[in-house]
Every structure is written in C-alpha cells, then in structure tokens.
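Trainee: This structure is in structure tokens; I'll ask about it shortly.
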There are 2 protein chains.
Amino acid sequence: MKTTVAKFGGTSLASAEQFRKVGRIVVSDPARRIIVASAPGKRFPEDEKVTDLLLRCYEEASNGGDFEPTLRRVDARYREIMNGLQLKFPLDEEIARIRARLQNSPSRDFVASRGEYLNARLLAVYLNFTFVDPEWCVCFDGEGRLDLPMTRRAMAAALRPLERAVIAGFYGADMSGRVFTLSRGGSDVTGSLAAAAVQADLYENWTDVSGLLAADPRIVDRPKTVKYVSYRELRTLSYMGASVLHTDAVLPVSDFDIPINIRNTDRPQDAGTTIVRRLPKGETKYPIIGVAGRKGMSVIQVEKVMVSDEAGFTAVMLDILKNRRLPFEHCLTGIDTVTLVMRSDLLAPCKASLFDEIRRTLNPDYLGLTENLSMIAVIGEKGTDSCDANVKVLQALTAAGIPISTINQGAGKLNLLVGIPEERYEEAIRAIYSTIDESL
Amino acid sequence: MKTTVAKFGGTSLASAEQFRKVGRIVVSDPARRIIVASAPGKRFPEDEKVTDLLLRCYEEASNGGDFEPTLRRVDARYREIMNGLQLKFPLDEEIARIRARLQNSPSRDFVASRGEYLNARLLAVYLNFTFVDPEWCVCFDGEGRLDLPMTRRAMAAALRPLERAVIAGFYGADMSGRVFTLSRGGSDVTGSLAAAAVQADLYENWTDVSGLLAADPRIVDRPKTVKYVSYRELRTLSYMGASVLHTDAVLPVSDFDIPINIRNTDRPQDAGTTIVRRLPKGETKYPIIGVAGRKGMSVIQVEKVMVSDEAGFTAVMLDILKNRRLPFEHCLTGIDTVTLVMRSDLLAPCKASLFDEIRRTLNPDYLGLTENLSMIAVIGEKGTDSCDANVKVLQALTAAGIPISTINQGAGKLNLLVGIPEERYEEAIRAIYSTIDESL
C-alpha cells in the first residue's frame with residue numbers, strides 16, 4: 001500500500017469549514033495515512049494566527065500583564081472548530097494547562113507550540129486517526145538543535161506501527177521533555193521528516209495556493225503555475241524569495257527521492273506543483289520554469305592585468321570578504337577581471353574601508369562599483385544540447401533595451417543569472433516572462 | 001613636432017632588402033625620430049634567427065665546443081646587410097669582440113643581446129641616426145629585474161636630447177654594466193619604454209602582418225584585420241594566444257594613453273591595427289572585435305545547498321587551489337554552485353588528491369568534472385546599452401547545435417566567455433566569426 005504524508009498549513013486548518021475540506025481531501029485517498037497539522041492560521045486578511053496570539057500571551061505573562069483576554073481568543077478559535085464539527089474534546093482542560101504554565105513557568109517555545117498541538121489533537125479526533133505528539137519523536141539536543149539521525153529513528157519508531165496518524169508540526173523536545181520549536185514555517189520540515197522516516201511515496205504540502213508560480217504575480221499578470229520543479233530549481237526559487245515551502249523541508253525527502261506536491265486545500269482539483277529530482281518518464285518540460293530576482297544589489301569590479309596568471313588573486317579578494325564576514329552573492333572571474341555581486345545593504349556600512357583594503361592589498365588597475373542593480377535568475381535546469389532558451393531571454397532583454405551588466409551560467413546549467421538596473425526590474429521580469437509564457 | 005617611436009621586428013630587419021624598406025618607411029614621416037631595432041629574423045621559413053645562432057654559439061662555447069662555424073653564420077648575416085647597403089661599419093672588430101667574450105667569459109645574456117646591438121648599429125649608420133645603447137638606459141638591478149622608474153628616467157635622459165636615434169631592443173644592463181636581456185620578443189617592451197620616456201604621440205610596431213586578425217586564420221578563411229583594439233581587448237587577445245605584441249609592451253604606453261599601431265613592413269600602405277584606450281572621436285566600432293579561444297580546459301563543478309549563505313565557501317575552495325599553487329582560469333559562482341575552469345594539463349597530475357581534499361574540506365552535495373572543453377572568448381568592450389552582439393553569438397552557437405556549458409560576462413563587459421566541447425572548437429569559432437564578419 002502506498003503512503004502519502006500530507007501536511008496541511010495554517011489557512012487549511014483555520015476553521016471548522018476548512019477542517020471539513022481537509023477531511024474530504026484525506027478520506028478521498030487512502031494513501032493519506034500520515035497527516036501533519038499546523039496551528040490555525042488566518043481566516044481573512046485582518047485575522048490573527050493562533051501562534052501569534054499565543055506568543056502575545058507569553059509576552060504578556062512575562063511582563064506580568066493580563067494574558068487572559070488573549071488566551072480567551074485562542075480558546076475561541078478552537079471552540080469554533082470543536083463546536084462546528086461537534087467534536088468531543090477536553091478543550092477546557094487543555095486551555096487550563098496552558099494558563100497554568102503561563103502563570104507558573106512561562107516558556108516561549110512551549111507556549112508557541114500549543115497552536116499545533118491543539119489543532120493536531122482536534123484533527124485526530126475529527127479524522128479518527130491516532131494523535132502523535134512530536135515531543136516524543138522530533139528530537140532536539142540540550143542546546144535546542146535538531147538531532148536529525150535520532151529524529152529519523154524516533155519518527156520511524158512512532159509512525160510505522162500506526163495505520164493512520166496525525167502529528168503536530170513545528171515542534172519537538174529534548175530528552176528531558178523540554179519543548180523546542182523549529183523556525184516559523186517549520187511544520188513543512190516536520191512533514192518532510194515524517195515522509196523520510198516512513199519512506200513515503202509522496203509528501204503532499206497543502207496550502208492556500210495551487211503551487212509555485214512562474215513569476216511574481218505582483219509584477220506579471222496571472223503567471224502560470226509550474227507543474228514540475230526539481231529540488232535544485234526550488235532552492236533557487238527560495239533564494240530568490242519564493243516562500244511557499246520552508247527551505248529546510250527539501251533535504252530530508254530529497255535524500256530519498258520522495259516527491260513533494262504543493263496543493264491547494266481550497267482547490268483540490270488543481271494538480272499543483274510537484275518537486276522532484278527528475279521528471280517522471282514521458283514528461284517533458286521547457287528548460288525554463290520561471291523567473292525571479294532580487295533588487296538591492298551592488299557590483300564590485302576589480303581589474304588587474306594578468307589576474308588570470310596569478311593563482312591567488314581572486315582567493316585573496318574573497319579572503320578579504322571572508323575575514324570581514326561579508327557574504328557575497330555571486331562571483332565571476334574573467335580575464336584580468338573579478339566581478340563580485342553583493343547585497344547593497346551589507347556593503348553600505350563598510351564600503352569605504354573595504355575599497356581601501358582592496359586597493360592596499362591587491363593594487364588593482366581598476367576598481368569600480370555599480371549600485372542599484374537587480375539580479376534576475378532565469379530558473380531551470382537546461383538540457384545539455386540547447387541554449388535556445390537562454391538566447392530568447394537575452395534577446396527579450398535586448399529588444400526591450402534593458403542593459404545587461406553581468407551574465408553568469410555555471411556548469412550546472414541551473415540558472416542564467418543576469419544583472420540589470422534596478423529601476424528596470426519589473427520591466428525585465430515581464431519581458432522575460434513573455435518569452436517563456438507560451439512554453440510553460 | 002610630433003614624435004613617433006617606431007620599432008621594427010626581426011623579419012623587418014632580416015636583410016639588406018628589408019633594411020631598404022625600413023629606410024623608406026622611416027624617411028616618409030619625419031615624426032619617426034626614435035627607432036627600435038630587433039636582431040635579424042628569418043628571411044624564409046627554414047632560415048634561423050640571428051639570436052638563435054648566437055645562443056647556439058654560447059652553448060657551444062660553454063660546452064668547450066667549436067662555435068666558430070656558427071659565429072661565421074652570424075657574421076655572414078650582418079655582412080649581407082652591410083655590403084648590400086654599402087655601409088661603413090667595423091664588423092670584423094665587433095665579431096672579434098663577441099668571439100673574445102665567448103672564449104674568455106661567456107655570458108648568455110650578453111651573447112644573446114649582440115643580435116640587436118649589431119643590427120641597431122648598422123641601422124643607425126644606414127639611417128644616419130644616433131645609436132643609443134640600452135646598456136646605458138634600460139636599467140636592471142643586480143638580480144636582473146628591470147627597474148621601471150629608473151629606466152623611465154634614464155631613457156628620457158638618453159633620448160630627449162637627440163633629434164634622431166636608433167636604440168637596440170631586447171636588453172639592458174645593471175649599474176656595473178652587466179648585460180641582461182628581456183624575455184623573447186622583448187624589443188616590443190624596449191619600444192614601449194622609449195615611447196613612454198619621450199611621451200611619444202605614437203608607438204609604431206612594425207612587423208610582418210598587417211595588424212591583428214579577428215580570428216585565427218588557420219580556422220577562419222581570411223579573417224578581417226581589426227582596425228581599433230583597446231588595451232584591455234589586446235590583453236584578452238594575448239591571453240587567448242595572439243602573439244603579435246609582447247604582453248609587457250602595453251603597460252608603459254597605456255599609462256600615458258599613447259596609441260600602439262601594428263604595421264606591416266612589407267605592406268606599409270595598410271593602416272594596420274591601432275591599440276588605444278578609447279576610440280578616436282568620430283570612429284565607431286562594432287562591440288565585438290574578434291573571437292579566440294583555448295582548448296584543453298576542464299570544469300570543476302561544486303554544488304552545496306546554501307553556498308550563497310556561507311560567506312566563506314568559495315573562498316575556502318579557492319584557498320585549496322592557492323595552497324596547491326594551482327591556478328584556475330575562471331571562476332563562476334551562482335546559487336548553491338561554484339564552477340571552476342582550469343587547464344586540464346595542470347589539473348591532471350593532482351586530480352584525485354584535489355577532489356579528495358574538496359570532498360573532505362567542503363563536503364559538497366555534488367562534485368563534478370567535465371573535461372575536454374574549450375573556452376571561447378568573444379572579445380570586445382561592449383557598450384552599456386546593448387547586448388545584441390552577445391545574443392547573436394549565443395544564437396549562432398545554438399543554431400549550430402553546439403552545447404554551451406558555461407556563460408560568463410563580468411561587469412567590465414569586456415568579453416563574453418563560453419565553454420563548449422573541445423571537438424567542436426573550430427566549428428564554434430567559425431559560427432561566431434560568421435555572425436561578426438559583416439560588422440567588422
């Protein structure tokens with residue numbers, strides 16, 4: 001029998017109505033045996049997430065203030081779900097326990113984790129699945145660091161004997177039972193760890209969008225959804241700011257080639273985006289899956305005759321940055337020239353002293369700075385035998401009269417990175433999208 | 001009055017007939033006041049250069065052999081010039097002096113320098129110019145290193161008072177009069193130093209080709225001559241193997257924006273190639289001036305999720321190479337990936353241990369090697385506002401079905417560097433040349 005681990009996000013579990021949708025999704029496919037639950041999210045744009053309310057309770061309690069009104073709002077959220085679905089659940093007892101902890105020994109992580117805990121318990125009752133508390137199987141060490149190998153063992157031990165289970169996302173505990181949370185969005189990671197532990201056939205990530213978009217919808221009018229994305233392409237999307245999946249959620253499943261399917265709880269008929277290592281047989285895809293970018297970049301250009309002959313020149317240059325703990329985004333060396341792309345906000349506070357040091361250490365023939373640049377990534381693992389897609393992209397930019405400062409595609413052929421003036425960012429994104437739109 | 005420093009290469013001064021051509025060139029423009037002479041070169045393909053003969057004399061003398069037959073061939077070369085032009089010159093005395101030195105205290109550099117010395121003396125007599133011995137003004141320190149500031153002073157001191165002068169190329173001396181030679185082709189450097197010292201308006205470099213070609217004539221059928229080349233573009237051409245001018249010859253004149261004009265002694269009617277910092281007013285040029293490349297390249301590809309977030313990753317990678325004194329040609333970092341282009345011959349002897357070290361030190365997610373690549377440089381300082389030329393080049397390669405592994409253009413916009421399979425090198429050069437041919 002196939003096993004799907006299905007994680008539902010905050011908006012998917014925000015109300016009794018949403019719980020019903022989730023219930024229909026779960027029962028419609030018997031492979032969906034392991035469910036990961038987030039805390040109730042926003043029901044409407046001005047709504048507050050339960051985790052934010054819980055964190056406010058903690059702040060109020062720590063400052064000796066009155067957290068009761070806020071805790072009552074938390075209670076109300078769960079009561080709406082419980083009553084709406086007519087669930088039998090000792091909610092008063094659970095809320096009393098949180099109240100006691102807030103009064104006696106408030107712990108930020110423990111309080112924050114209660115949103116997922118309660119929601120998962122309610123969902124388990126609703127679905128008639130076994131509740132699994134990640135306290136038992138998402139293993140942190142004493143310093144609050146996730147212990148991955150131990151988590152894999154413990155998760156497998158907890159989940160494999162169960163036919164159907166709901167596990168709470170976002171948190172775990174150390175050996176003494178002290179609760180630690182993952183970073184925000186960490187339920188994605190819990191789901192990924194669960195999928196890896198049970199060697200699931202599929203990891204479904206149910207959220208409020210029908211997958212990854214090929215471009216930023218604030219810039220491009222109704223961009224298409226990407227059907228397949230490779231793990232590597234997804235990393236690029238995350239780097240460029242796409243936030244549909246937690247970055248750390250990819251690694252555990254990619255180790256076992258388990259596909260991740262991004263789905264929309266409100267539109268279960270949409271196929272969503274599937275993240276895979278390789279395309280399924282018979283599927284073909286256009287080499288470009290999307291376009292994204294970052295503003296606020298600066299380019300440092302160092303020229304020195306015979307750079308290529310001096311093995312250490314670029315290394316010395318990068319050592320200067322390393323010693324200053326100044327990260328750079330990209331580095332390109334040509335003949336006699338080194339180009340460094342950096343975030344302008346990181347460069348700004350140390351610009352003068354950095355340039356001084358470069359001049360003193362490397363004595364370059366030319367040292368230049370271009371600010372207000374955007375880096376655009378044309379994302380997609382390109383086939384070996386064609387560069388056609390790249391040509392089209394550069395052609396689109398050229399036709400639009402957008403000057404290109406840097407061009408960079410490494411041997412991995414994953415992305416074509418181009419630097420362009422910041423003020424033409426939106427225009428460039430649209431120009432590139434229009435060339436790939438038809439092929440998506 | 002304008003001053004041109006004119007350097008004549010070995011083939012330009014290989015015989016009496018060539019001396020006559022040089023004489024006509026020099027008198028045709030009174031600005032040609034300072035002439036730099038090379039040693040007699042080849043008169044026909046199987047001929048030997050006088051410098052090579054002299055070096056053989058030195059080898060023979062050092063090994064206690066009989067150098068007389070070889071020295072007689074040197075003598076014959078100068079005698080042909082002297083007699084052909086009916087010059088009065090104490091050649092026997094000069095040859096006797098070389099002989100004595102070979103017998104008593106043979107010095108490689110001294111013997112090697114006699115080719116230029118004698119040729120410059122003969123040319124001075126022929127042109128009725130003052131002979132300047134670079135022993136006096138091309139200043140080496142005791143370790144045989146050229147002392148540039150001192151040379152500039154001494155050269156200016158030697159040349160400025162003279163109306164017309166011939167200076168021998170290729171050598172100089174230290175304070176004690178010990179002769180040192182520059183590297184082969186060093187007369188180009190002597191000419192450049194002289195031009196800088198007298199702040200010449202033009203540095204002419206007369207040779208046996210009518211300038212720089214836009215592509216390798218062994219690959220492309222009759223490629224065009226490039227009219228203007230910037231100093232930076234020339235450096236790229238040299239890096240890629242064009243050997244028309246000594247690399248070190250650019251810096252002294254480029255400091256003073258003195259143009260270098262490559263001319264053909266056998267075809268003085270050709271304008272040749274002019275090397276400048278900026279185009280003269282009114283001149284326009286196509287952004288690409290030529291295409292060149294190198295075979296025998298390998299590409300190392302290192303991938304690790306979050307490379308971009310770890311400031312030191314690339315620096316550590318380059319340190320590994322630096323500590324091994326292993327030079328790399330180009331480096332490109334994208335998102336999560338570092339691509340290093342290296343010479344295969346340098347990589348071969350240490351491949352296994354290098355890959356071991358990279359694995360141990362960086363623990364990459366992926367470490368790949370692609371061998372048998374060529375790097376092609378599409379050379380030309382591109383204008384800020386168009387990338388059209390780059391598009392055409394990539395289009396040409398794509399149309400020819402040539403796979404492109406890496407693409408790299410830094411902020412200097414000097415070259416577009418593309419990596420392609422070695423076995424398609426000639427085809428790629430031709431494909432690119434055909435797109436730029438019309439525009440040259």
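The values are calculated or read from the model by the stated rules, or taken from the named source; none is laboratory data. None of these values were measured; they are calculated from a predicted model. Please note: Cβ atoms are built from the backbone with ideal geometry, for glycine as well, and neighbour counts cover all protein chains shown.
Trainee: Cβ contacts < 7 Å: first residue in contact (Cβ under 8 Å) with a residue 24 or more places away in the chain and closer than 12 Å to residue B:41 by Cα, restricted to the stretch B:11-30; second residue of a type in the set (Lys, Arg) and outside any helix (DSSP H, G or I), any location; separation 6+ or different chain. Result?
Mentor: From residues that are in contact (Cβ under 8 Å) with a residue 24 or more places away in the chain and closer than 12 Å to residue B:41 by Cα, the pairs are B:11/B:42; B:14/B:42; B:14/B:43; B:15/B:43.
Trainee: Go through B:354, B:394 for me and flag whichever is within 26 Å of residue A:232 (Cα to Cα), within 9 Å of chain A (Cβ to nearest Cβ), assigned to a helix (DSSP H, G or I) and out of contact with any Pro (no Cβ under 8 Å at 6 or more places or on another chain).
Mentor: Step by step, each of B:354, B:394 is checked, and only B:394 is within 26 Å of residue A:232 (Cα to Cα), within 9 Å of chain A (Cβ to nearest Cβ), assigned to a helix (DSSP H, G or I) and out of contact with any Pro (no Cβ under 8 Å at 6 or more places or on another chain).
Trainee: Within the group A:389, A:348, which residue is part of a helix (DSSP H, G or I) and modelled with pLDDT under 90?
Mentor: A:389
Trainee: Go through the stretch A:163-273 and tell me which helices (runs of 4 or more DSSP H), entirely inside it, have 2 or more residues that are touching an Asp or Glu at 6+ places or on another chain (Cβ under 9 Å) and of a type outside the set (A, V, I, L, M).
Mentor: A:187-197, A:231-239
Trainee: Return yes or no: is residue B:398 touching a Cys at 6+ places or on another chain (Cβ under 6 Å) and either more than 27 Å from residue A:305 (Cα to Cα) or buried (at least 23 other Cβ atoms within 10 Å of the Cβ) (or both)?
Mentor: Spelling it out, residue B:398 is indeed touching a Cys at 6+ places or on another chain (Cβ under 6 Å) and either more than 27 Å from residue A:305 (Cα to Cα) or buried (at least 23 other Cβ atoms within 10 Å of the Cβ) (or both).
Trainee: Among the residues of the stretch B:411-440, what is the count of those that are aliphatic (A, V, I, L, M) and not in a helix (DSSP H, G or I)?
Mentor: Qualifying residue count for the region: 7.
Trainee: If residue B:252 satisfies every condition in (1) at pLDDT 85 or above; (2) away from chain A (no Cβ under 14 Å); (3) closer than 20 Å to residue B:192 by Cβ but one, which is the exception?
Mentor: Here residue B:252 meets the rest and fails (2).
Trainee: Filter the stretch B:127-141 down to residues that are aromatic (Phe, Trp, Tyr) and assigned to a strand (DSSP E or B) and give me whichever is nearest to residue B:180 (Cα to Cα).
Mentor: Result: B:140.
Trainee: Show the residue pairs meeting these rules: Cβ distance below 9 Å; 6+ apart or different chains; first residue within the stretch B:142-155 and under 14 Å from residue B:177 (Cα atoms); second residue surrounded by 13 or more Cβ atoms within 10 Å (Cβ to Cβ) and of a type in the set (Lys, Arg).
Mentor: B:142/B:178; B:144/B:178
Trainee: Counting only residues that are free of Cβ contacts under 8 Å to residues at least 12 places away in the same chain and within 7 Å of chain B (Cβ to nearest Cβ), which one in the stretch A:310-351 is surrounded by the most Cβ atoms within 10 Å (Cβ to Cβ)?
Mentor: Checked the stretch A:310-351; the qualifying residue surrounded by the most Cβ atoms within 10 Å (Cβ to Cβ) is A:334.
Trainee: Just to check your reading of the model, which residue among B:372, B:408 is within 9 Å of another protein chain (Cβ to nearest Cβ) and either surrounded by fewer than 18 Cβ atoms within 10 Å (Cβ to Cβ) or assigned to a strand (DSSP E or B) (or both)?
Mentor: One residue alone meets the criteria, B:408.
To keep it simple, each residue is scored yes or no on (1) modelled with pLDDT under 85; (2) under 19 Å from residue B:320 (Cα atoms); (3) part of a loop (DSSP other than H, G, I, E, B).
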{"position": "A:308", "(1), (2), (3)": "yes, yes, no"}
{"position": "A:311", "(1), (2), (3)": "yes, yes, yes"}
{"position": "A:317", "(1), (2), (3)": "no, yes, no"}
{"position": "A:322", "(1), (2), (3)": "no, yes, no"}
{"position": "A:326", "(1), (2), (3)": "no, no, yes"}
{"position": "A:331", "(1), (2), (3)": "no, yes, no"}
{"position": "A:341", "(1), (2), (3)": "no, no, no"}
